[in-house]
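Note sheet for the following structure.
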Amino acid sequence: MSRGRDATSPWRMPAGAWKDVLMRTWKESAADNVGLVAAGVSFYAFLALLPLLGAIVLTYGLVADPQTVTQNMAAMTRVMPTDIARFIGEQLMYVVQTSGGKKGLGVLVALALALFSARNGAAAIVTALNIAYEEEEKRGLVKVNLLALLITAGAVAMAVFALLSMTVLAYVEAWLPSSPVLAMLSRLMSYLLLALAAAGAAATLYRFGPSRDRARWMWLTPGSLFFAAAWVLLTLGFGIYVANFGNYGATYGSLATVIILLTWLYLSSYILIFGAELNSELEHQTARDTTEGDERPLGQRNAWAADHVAQGTRAGEDGPTQVTKLG
């Protein structure tokens, strides 16, 4: 095996191949202006936050009392920086108060409007993933908007499932004896579940977001695991920094909470896109077909990363079907 050129899985690549991949990932992140792209994604995510919370409350209200959503969401957001958790809690209270009178058809209409309003955040992620995977958008406007709506609906469904899980967990904890050890285990379990959910969400976005033939799940795993681990550590570390070292209030005054939230969204977006860059360069490293279905030759896979073979640590490629010496 020559530096992973014949690898059928990212986990079968030798150390030299991984070195090439990591160096190219770093270079491509700079070439693709991932920092600037992440800023755009975080801005649209911020604008989508309130309608997304509205969709969560309305959907949760179909199966449970919407008034309990703030309590369960507080348990979910305890891993986040305090200012962000407080801001989300305040927005949830506002949404609960303004949506309390909606019933029947009114709930469905309000839910549809909330999903439609929040879709721009998902559309920004799709655009960012196309950039990371070196793809141009080949799908029509209707299909892209439907994809964005499906991503948004999936995020709402995941949040509602997590809220219901928190309700069940609260009942279970009520039956358990009070113990610092059990409390620590419960917190560690919540972090693990959060990481698993993040990995699953990232893998789904990496698979369906870019405008290309779908990559096999194994080629999405490294970036997804990176995102999950980095995101949990980032969230915990950023929370500690804000609570103990960051003095945003003195600098930004009443805008401090918004700035903290935007910073957290920006960093989260950055590592999500960086994970996509990593996956793309892993596919770029091998000459084997990384897409679904039967093995196809280079140039016929309808995916830039799968149709090109990298030149060692160099970013970019000269021709769509050119195979050059690695290393």
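The values are calculated or read from the model by the stated rules, or taken from the named source; none is laboratory data. Since the model is a prediction, treat every value here as computed from it, not as a measurement. Note that we place each Cβ from the backbone using ideal geometry, even for glycine, and neighbour counts take in every protein chain shown.
Output the residue which, of all residues in the stretch 105-143 that are basic (Lys, Arg) and part of a helix (DSSP H, G or I), is modelled with the highest pLDDT. Full working, then the answer.
Within the stretch 105-143, the first condition is being basic (Lys, Arg), and the residues that meet it are 119, 138-139, 143.
If we keep only those that are part of a helix (DSSP H, G or I) too, we end up with 119, 143.
On the way: 119: 87, 143: 94.
If we take residues in the stretch 105-143 being basic (Lys, Arg) and part of a helix (DSSP H, G or I), then 143 is modelled with the highest pLDDT.
Out of all the residues in the stretch 250-292, which are buried (at least 21 other Cβ atoms within 10 Å of the Cβ), out of contact with any Phe, Trp or Tyr (no Cβ under 8 Å at 6 or more places or on another chain) and among the acidic types (Asp, Glu)?
277, 281, 289
Taking residue 283 as the residue in question, decide whether it is in contact with a strand residue (DSSP E or B) (Cβ under 7 Å, 6 or more places away or on another chain) and under 19 Å from residue 27 (Cβ atoms).
yes
Given the conditions (1) at pLDDT 90 or above; (2) within 26 Å of the chain's Cα centre (by Cα); (3) within 21 Å of residue 15 (Cβ to Cβ); (4) small (Gly, Ala, Ser), report the number of the one that residue 276 does not fulfil.
Evaluating residue 276 over (1) at pLDDT 90 or above; (2) within 26 Å of the chain's Cα centre (by Cα); (3) within 21 Å of residue 15 (Cβ to Cβ); (4) small (Gly, Ala, Ser) leaves (3) as the failure.
Can you tell me how many residues in the stretch 177-212 are among the charged types (D, E, K, R) and at pLDDT below 95?
Within the stretch 177-212, residues that are among the charged types (D, E, K, R) and at pLDDT below 95 number 1.
Quick one: which residue in 38, 7, 30, 48 is surrounded by 15 or more Cβ atoms within 10 Å (Cβ to Cβ) and modelled with pLDDT of 95 or more?
On inspection, the qualifying residue turns out to be 38.
If we scan the stretch 232-251, do we find a residue that is out of contact with any Pro (no Cβ under 9 Å at 6 or more places or on another chain), in contact (Cβ under 8 Å) with a residue 24 or more places away in the chain and among the small types (Gly, Ala, Ser)?
So far as the stretch 232-251 goes, no, none of its residues is out of contact with any Pro (no Cβ under 9 Å at 6 or more places or on another chain), in contact (Cβ under 8 Å) with a residue 24 or more places away in the chain and among the small types (Gly, Ala, Ser).
Taking the stretch 1-15, which residues are within 15 Å of residue 309 (Cα to Cα) and assigned to a helix (DSSP H, G or I)?
10
Can you run down the residue pairs with Cβ atoms below 6 Å, 6 or more apart or on separate chains, where the first is in the stretch 1-20 and more than 20 Å from residue 275 (Cβ to Cβ) and without any contact (Cβ under 8 Å) to a residue 24 or more places away in the chain and the partner is in a helix (DSSP H, G or I) and not aliphatic (A, V, I, L, M)?
As it stands, the answer is none, since no pair meets every condition given.
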